[in-house]
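Single-structure report; data block below.
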Amino acid sequence: MNRRTLLTGIVGGLVAVGTTPAFAGMRGHTLHVRPGESVQAAVDAVDGSGWTIVVHPGTYREVVNIPVNKAELTVRGATCDPRDVVIVFDHANGTKKADGTTYGTAGSATFTSAAPGLTVRDLTLANDWLRADHPDITGTQAVAAYTYGDRTHFENVRLLAHQDTLFVETTALDTFDRQYFHRCHIEGDVDFVFGRATAVFEECHFHTLQRDVAFTPKGMVFAPSTARANPYGILAVRSRITSGAEDGAYKIARPWVPSYETTAWPSLVVRDTRIGPGIDAVAPYTNMREAYPWQSMRFREYRNTGPGAEITVPDNRPQLADAEAALHTPAAYLGDWRP
């Protein structure tokens, strides 16, 4: 897949080159970013909590990093169509920096935020790094968004990449930061929604890409790494999973137990979701490492529909009982926070 295909629908010809915004028309706590200006410069100009950055239609090729002291920040597209505003870059895990070191998975992200109370809406975040262009690089994770602040809210956002598209993390191993994604489109191929946050996906669209490899599975949608002490990991509810690949080429998930947190107990619930034929219905889960079999993890489903949700081997598709399902809702996961 080439960049043109990955970024279908993006407004072309408008590229930010790092220019500092003039912030013309700035009122109160609102900053405007227009084509030729920099989103990061607007973030840097924010001097307190509760600000809004309005990004006008265009493609902004830059890396955006929101530090923890920019609390309650809103970054939004100026229109209601997320295709109109695109923030995109092309770093991968194995991409070399000027000093010869590499970016690593987290460092590859186009958009990173540690700020509590962040809201992102009505825009696209993408990483258009491609394996085919860099056959010498083995660290092929290329993150579109890396979020690790509590009360992170994405609304009507497109997240586009290949491997490791969306990294939902927490600020520390022993904190259970909450993230909420509503009406978002998320696509990729390998582990493209992953991390240890308490992350709720409601009415979202997960799309697996065609991948030019001869083996299956071609990839997995989810790779949670939930802390053992956290009762809630990733929840997908009232969503849908589609595929650009052949039937049965993808898995729903595999557990990620990081080498730096071997006590992790990955948790994933997919419920009330339509699962298309691109998911292997017979064996929808697999292992990342044999030492941590998926059967020992907190993987459950409930009332899913579609050909990819057909239960042919019950042991391969653990289901929630009705009483258990009542404990796995957006309200339960988000606690006292109502986005």
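The values are calculated or read from the model by the stated rules, or taken from the named source; none is laboratory data. Quantities reported herein were computed from a predicted structural model and do not represent experimental measurements. Virtual Cβ from ideal backbone geometry, glycine too; neighbours counted across all protein chains shown. Ligands, DNA and RNA are excluded from the accessible area calculation, which covers all protein heavy atoms including side chains. Shrake-Rupley method; radii C 1.70, N 1.55, O 1.52, S 1.80 Å.
Dipole magnitude of segment 196-339 about its Cα centre, charges +1 at Lys/Arg Cβ and -1 at Asp/Glu Cβ only, in debye to the nearest 20?
With only Lys, Arg, Asp and Glu charged at Cβ, the dipole is about 220 debye.
Give me the net charge for the shell around Thr171: Cβ to Cβ below 15 angstrom, other residues only, Lys and Arg +1, Asp and Glu -1.
Taking every Cβ under 15 Å from that of Thr171, the sum is -1.
Using Cα pairs under 8 angstrom and six or more residues apart, how large is the relative contact order of the chain, in percent?
Computed value for the chain: 10 percent relative contact order.
Grab the other residues whose beta carbon is less than 15 angstrom from that of Trp294, score K and R as +1, D and E as -1, and report the net.
Result for the neighbourhood of Trp294: +1.
What ranking, highest mean first, results for peptides 117-128, 133-144 when packing means the other Cβ atoms within 10 Å averaged over each residue?
117-128, 133-144
Where nothing but the Cβ of Lys and Arg (+1) and of Asp and Glu (-1) is charged, how large is the charge dipole of the chain around its Cα centre, in debye to the nearest 20?
260
Where the accessible area of segment 177-318 is counted over protein heavy atoms with a 1.4 Å probe, how much of it, in %, is carbon and sulfur?
50
For Arg240 and Thr102, what is the calculated FRET efficiency with R₀ set at 45 Å and r taken between the beta-carbons, to the nearest 0.05?
So, using R0 = 45 Å, E works out to roughly 0.80.
Roughly how many Å² of His56 are accessible to a 1.4 Å probe, to the nearest 10?
Accessible area, nearest 10 Å²: 40 Å².
Just to verify a number: what accessible area does Trp337 come out at with the full protein assembly present, 1.4 Å probe, Å² rounded to tens?
Rounded to the nearest 10, the figure is 30 Å².
If we restrict to alpha carbons, what Rg and Dmax does the chain come to, in Å?
Cα only, the chain: 19.3, 61 Å (Rg, Dmax).
May I ask for the net charge around Asp191, where only other residues with Cβ less than 9 Å from the Cβ of Asp191 are counted and Lys, Arg are +1 while Asp, Glu are -1?
-1
Sort 312-322, 32-42 by the packing proxy (mean of other Cβ within 10 Å over each peptide's residues), most packed first. Write down the numbers at each step before the final one.
Working: 312-322: 12.3, 32-42: 20.2.
The densest-packed peptide leads the list: 32-42, 312-322.
With a Förster radius of 30 Å, plug the Cβ-Cβ distance of Ala331 and Thr216 into 1/(1 + (r/R0)^6) and report the FRET value to the nearest 0.05.
On the way: r = 37 Å, r/R0 = 1.24.
After rounding to 0.05, the efficiency reads 0.20.
Among Gln295, Val86, Ala223, pick out the residue whose Cα is farthest towards the positive end of the charge dipole of the chain, where Lys and Arg carry +1 and Asp and Glu carry -1 on C-beta, about the Cα centre.
Projecting each Cα onto the dipole axis, the largest value belongs to Val86.
May I ask for the equivalent-ellipsoid semi-axes of segment 76-119, computed as the square root of five times each C-alpha gyration tensor eigenvalue and listed largest first in whole Å?
Numbers: eigenvalues 149, 41, 9 Å².
Semi-axis lengths for segment 76-119 are 27, 14, 7 Å.
Defining a contact as two alpha carbons under 8 Å apart and six or more residues distant in sequence, what relative contact order in percent does segment 222-339 show?
27 percent.
Could you state how much accessible area Lys70 has, in square angstrom rounded to the nearest 10, with a 1.4 Å probe and all protein chains kept in place?
Accessible surface of Lys70 is approximately 20 Å².
At 0.36 nm per residue, minus the direct Cα-Cα distance, what do Thr79 and Asp136 gain on full extension? Give it in nm, one decimal, please. List each step's numbers first, then the result.
Details: separation 57, 0.36 × 57 = 20.52 nm, distance 3.97 nm.
Computed gain between Thr79 and Asp136 is 16.5 nm.
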